[in-house]
Structures are given as C-alpha cells and as structure tokens.
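Only one structure is covered here, and it is reproduced in the block below.
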Amino acid sequence: MFCIFGHALTDQSEKLMQSAFSCGWTESDVRFRRSLLTFMTALVRPVEITVGKTTKLSKETLVQVLNGTYGLLNLLYHFHSSV
C-alpha cells in the first residue's frame, strides 16, 4: 500500500515542473519569478520517499516485497505439507 502511494507521489512530483512552467510567469513580478526559478531548480530531481535511507517506495519495491513474501510462504507451505 505504501509503495503505491510512494509511486503516485513520485509521478505527481514529475508533473510539477510542467505545471510551474505553464503558470503564466512571464506577466508576473520579479519577486515571483525568482521564487519560481528557485522552486523549479529544486524540481530538477523528482521527489522520492525512502525507507531507512536505503530503499525508495515504488511499484518495483512492492513487487519485490510480494515476490519475497510468496517465496517465503511457499517454502513454509512445502515444509508444513511434508511433515
């Protein structure tokens, strides 16, 4: 669940640059343009949520967790059925 929200947040952060650029900044005052430039400079890298400073939340992480869980449950089922 958290991986899906992390992926959705990353997707939305990638759209922020386009939204900021198309906001009609050419008719704005200098202060707003400077702030927008600072904001757009920070948006060069997309937002990523990391877990324990090692793994980022994404759909790929969810698939890895599900594959690991399936493997573990399959192993436990195999040992339980052979006893």
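The values are calculated or read from the model by the stated rules, or taken from the named source; none is laboratory data. Worth saying up front: this structure is predicted, and the values here are computed from it rather than measured. Note that we place each Cβ from the backbone using ideal geometry, even for glycine, and neighbour counts take in every protein chain shown. Each accessible area value is taken on the protein alone, full model and side chains, heavy atoms only, with ligands, DNA and RNA left out. Shrake-Rupley method; radii C 1.70, N 1.55, O 1.52, S 1.80 Å.
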In a GNM of the chain with a 10 Å cut-off on Cα contacts, which of 62, 72, 36 has the highest mean-square fluctuation? 72
Using protein chains only and a probe of 1.4 angstrom, how many square angstrom of residue 59 are accessible, to the nearest 10? 110 Å²
What is the dipole size for the chain, taken about its Cα centre, with +1 at each Lys and Arg Cβ and -1 at each Asp and Glu Cβ, in debye to the nearest 20? 220 debye
Using DSSP H assignments, which helices in the chain have an axial alpha-carbon span of 20 Å or above and a mean Kyte-Doolittle hydropathy of -1.0 or higher? 2-21, 59-82
Which is farthest toward the positive dipole end of the chain among 58, 80, 68, measuring Cα position about the Cα centre, with Cβ charges +1 (Lys, Arg) and -1 (Asp, Glu)? 58
Heavy-atom accessible area of the range 30-83 with neighbours in place, 1.4 angstrom probe: carbon+sulfur share in percent works out to 64 percent
If DNA, RNA and ligands are ignored and the probe is 1.4 Å, what is the ranking of 16, 43 by accessible area, most exposed first? 16, 43
